[in-house]
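FYI, it's all coordinate maths here, none of it is from the lab. Only a predicted model underlies this, so the values are computations on that prediction, with no experimental measurement involved. Ideal geometry is used to build each Cβ from the backbone, glycine not excepted, and the neighbour counts take in all protein chains shown.
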Amino acid sequence: MFNRLGSFVVSYFINLGGITQLAFRFFRSMFSPYKLYNKVINQVYLLGIQSLPITIITSVFIGMAFTLQIVLEFEKFGANFLLGGIVGLAIWRELAPLLTGVAVSARIGAAIASELGTMRVTEQIDALKTLSQDPVKYLVVPRILAVMIMMPLLVGVADGVGFMSGFFVGVPMANINPNAYFSSAINMLEPFDIIGGLIKALVFGFLIGVIGCYQGLNTKAGAKGVGISTTHAVVKTIISIFVVNYFLSYLLF
């Protein structure tokens, strides 16, 4: 038992150190004269634009489910007129950034880890080093930048879709004037409620990119190693998002 516990602790700090080191290399390489524009645009499409459907579906049903639950409780206290503000606070501050990050990390984190892991086991990354190409500049930086660009945009879409799905479910159930839904949102919400959620999205995008790249670059040989790296990338990213979300909520709001 103590041997397994010690191995887990040592492995945890080794991974944390490796991810931190890769993050520093990313920031250092991001400002290098290496041409990244075309690679970033390509990754924005592959990782970001193609994640739009899952973002919309997730936000629609999260907004409807959350509204369905709070309408029933608000009716008990005659507070239906506050529905829009409460839905907006929950969606814009917490639900949209958090659940979009989780849903997208399952797709993007897995995609990055499996792609780089396959390149590792087929020795394509070693070939880049042989050609005097830095794998971090060539492979890691475009992917992390693309995720950091797209996550705030995806969360912005989730904010709007989730809020409006709450409108279409909540107004008929609560039997309130549609204007009251938007009026309560205007009165209760501030611009930083949206900005704070977008800041969270930017941080989550960085976590998804750097953890996915780290796991891919450190894949062990064989198809089994690619599967293990992909699984670890998704699990570690989701756990990191939940942990970091708490501290960001404390600091921002």
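What net charge is computed for the residues neighbouring PHE253, neighbours being all others with C-beta under 13 Å from the C-beta of PHE253, Lys and Arg scored +1, Asp and Glu -1?
That works out to -1.
Viscosity 1.567 mPa s, temperature 4 °C: Stokes-Einstein D of segment 1-142 from its Kirkwood Cα radius, in µm² per second?
68
State the percent of C-alpha pairs, over all pairs in segment 38-252, separated by a distance greater than 30 angstrom.
Summing the P(r) of segment 38-252 above 30 Å gives 32 percent of all pairs.
Sort 231-240, 183-192 for me by packing, meaning the mean count of neighbouring Cβ atoms within 10 Å per residue, highest on top.
So the order, starting with the most tightly packed, is 231-240, 183-192.
Dipole magnitude of segment 111-253 about its Cα centre, charges +1 at Lys/Arg Cβ and -1 at Asp/Glu Cβ only, in debye to the nearest 20?
440
Put +1 on the Cβ of each Lys and Arg and -1 on the Cβ of each Asp and Glu in the chain; which of PHE247, ASN42, GLY78 then has its Cα farthest toward the positive end of the dipole?
Result: ASN42.
Which whole-number percent gives the relative contact order of the chain, counting Cα pairs below 8 Å spaced six or more residues apart?
Relative contact order, the chain: 33 percent.
Using the Kyte-Doolittle scale, which helices in the chain average at least 0.0 and also have C-alpha atoms spread 27 Å or more along the helix axis, with helices defined as whole DSSP H runs?
Those that pass (Cα extent of 27 Å or more, hydropathy at least 0.0) are 2-30, 52-77, 96-121, 141-174, 191-217, 223-252.
What does the net charge come to around ILE125 if you take all other residues with beta carbon closer than 15 Å to its beta carbon, with K and R at +1 and D and E at -1?
Within the 15 Å Cβ shell, the charges total +2.
Return the tail of the calculated pair distribution for segment 164-234, meaning the percent of Cα-Cα pairs more than 16 Å apart.
Result for the distance tail: 68 percent.
Local charge sum around THR55 (other residues, Cβ-Cβ under 12 Å, Lys/Arg +1, Asp/Glu -1)?
0
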